[in-house]
Amino acid sequence: MGSGHVMRCLTLADELRNKGHDITFICRELPGNLISLIKDKGYVACQLNWQGDGNDFDWSKDVSETINVIETKNVAIDLLVVDHYQLDSRWESEIRHYTKKILVIDDLADRKHNCDFLLDQNYYANLAIRYDGLLSTKTIKLLGPQFSLLRPQFYQARKVLSERSGEINNILIFMGGGDSFNLTAVAIRAIQLIEKKINLRVVIGATNPHYAEIEALCATLKNTKLYIQVESMAELMVWADLAIGAGGATTWERCYLGLPSITLVFAENQLETTVDLAAIGVTSFLGWAHECSDTYIASAVQKTIDSPMKMKEMGCKAMDLMTKDMGGTSGPVGVLDALSQ
């Protein structure tokens, strides 16, 4: 869980580093963490120890430990980026003295923030008013999919993207980095139930606990390849005619490349935006991951196969959403432009 948060922060970090800034990550050493991935990308990652079962989070202890890391580093901080659902204005107020500016990345809109910039890259029917009463009037709000923190590979892929026909021959399965309910295996079994010949690509995260089962399943299927912690996700999305995947950050990657999708939600924070996207025809929402069976997914896939014009329309709507009301530079560059104001 939460790999999308790490990936979007890495995307922003890459863009900042390209502009000549020095980046340091501060991460708590939770089970299944991706700290090694952050370090492999060439970043310093200061680790806070993990103690407890996740139900005893103490924001005051967290801010104290974070401040201790900052003081130990003994460097001036121009921008502190916070991507953490359990932190709010209390934490941010305590750390104000240690940074010039604060950027909060959020999508819950369920607590107050003391920040200079608020980034919510998701789509909601009520996006314009979601943060009313939760932010200072001086806070600069960066709201909507046009500010999605997409990696450069997606912008490059879109430039050469061919028009999609809506026909479904190639399917991509990616349920996120963790896939706590092993929906990857369920989706693979669903494809086995489809009579039409399907070319299948399956992507899982490096920390997926169900690797052995998924590998064995893929080995039994023709025209199927398994990828682990893939770097070329944009290439796979260009190849695919349909994606079966989780809500969350990957949603915006699929949308940007106009890839029709069947979306399941794994966490409460994915629900509202996925429902709202389905309401405007940008995705097909299948429900909660833990409630979906192979026959249920197979039925949904068959409907997409039988509806090529609807799938073509879905892809066009998804692409249009990502560029709607841009009014300037989009994506990470657009975020940096706002930060520099």
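We did not get these values from a lab; they are worked out from the coordinates using the rules stated. Computed from a predicted model, the values in this text were never measured in an experiment. Using ideal geometry, Cβ is built from the backbone for each residue, glycine included, and neighbour counts are taken over all protein chains shown.
With n ≥ 4 as the cut-off for DSSP H runs, can you work out [θ] at 222 nm for the chain, using -39500 (n - 2.57) per run divided by the number of residues, rounded to the nearest 500? Provide the component values of the computation, followed by the final result.
Working: 13 runs with 134 residues, N = 341.
Estimated from H runs of four or more residues: -11500 deg cm²/dmol.
Where nothing but the Cβ of Lys and Arg (+1) and of Asp and Glu (-1) is charged, how large is the charge dipole of the range 3-143 around its Cα centre, in debye to the nearest 20? Display every interim value, and only then the final one.
On the way: 17 positive and 22 negative charges, 92 e Å.
Dipole about the Cα centre, nearest 20: 440 debye.
Explain nothing, just the number: dipole magnitude of the range 214-276 about its Cα centre with +1 on each Lys and Arg Cβ and -1 on each Asp and Glu Cβ, in debye rounded to the nearest 20.
Charge dipole, the range 214-276, about its Cα centre: 280 debye, nearest 20.
Which pairs break 32 Å Cα to Cα here: K61/K141; K39/K312; K61/K100; K141/K310?
Check vs 32 Å cut-off fails for K39/K312; K141/K310.
Summing +1 for each Lys or Arg and -1 for each Asp or Glu, what net charge is found among the other residues whose Cβ lies under 12 Å from the Cβ of K112?
Net charge in that neighbourhood comes out at -3.
How much of the calculated P(r) for the range 209-334 lies past 26 Å, in percent of all Cα pairs?
Values: 1878 of 7875 pairs.
For the range 209-334, the share of Cα pairs beyond 26 Å comes to 24 percent.
Report, in debye and to the nearest 20, how large the dipole of the chain comes out about its Cα centre when Lys and Arg carry +1 and Asp and Glu carry -1 on their Cβ.
It works out to roughly 880 debye.
How high is the relative contact order of the chain, in percent, counting Cα pairs under 8 Å that sit 6 or more residues apart?
16 percent
Out of these labelled values of Cα extents along the principal axes in Å, (1) 62, 44, 35; (2) 68, 40, 36; (3) 86, 42, 42, which was calculated from the coordinates shown here?
It is the one labelled (1).
Could you point to the residue in V82, I171, T250 farthest towards the positive end of the chain's charge dipole, with +1 and -1 charges on the Cβ of Lys/Arg and Asp/Glu respectively?
So the residue furthest toward the plus end is I171.
Using the Cβ atoms and a cut-off under 14 Å, what net charge is assigned to the surroundings of S284, where Lys and Arg are +1 and Asp and Glu are -1?
Counting the neighbours of S284, the net charge comes to +1.
Quick check: pseudo-label points 7 Å beyond the Cα along Cα→Cβ at K101 and S307, how many nm apart are they?
4.3 nm
Can you spot the lysines whose alpha carbon is less than 18 Å from K196's alpha carbon? Ignore those fewer than 8 places along the same chain.
K222, K225, K303
Pick out, from L271, T224, G32, the residue whose Cα sits farthest towards the positive end of the charge dipole of the chain, with +1 on the Cβ of Lys and Arg and -1 on the Cβ of Asp and Glu.
Toward the positive end, the furthest listed residue is T224.
Give me the net charge of V335's neighbourhood, meaning all other residues with Cβ under 11 Å from the Cβ of V335; Lys, Arg count +1, Asp, Glu -1.
-1
Which of G248, G20, G32 moves most in a GNM of the chain, Cα contacts under 10 Å?
Most flexible of the set in this elastic network: G20.
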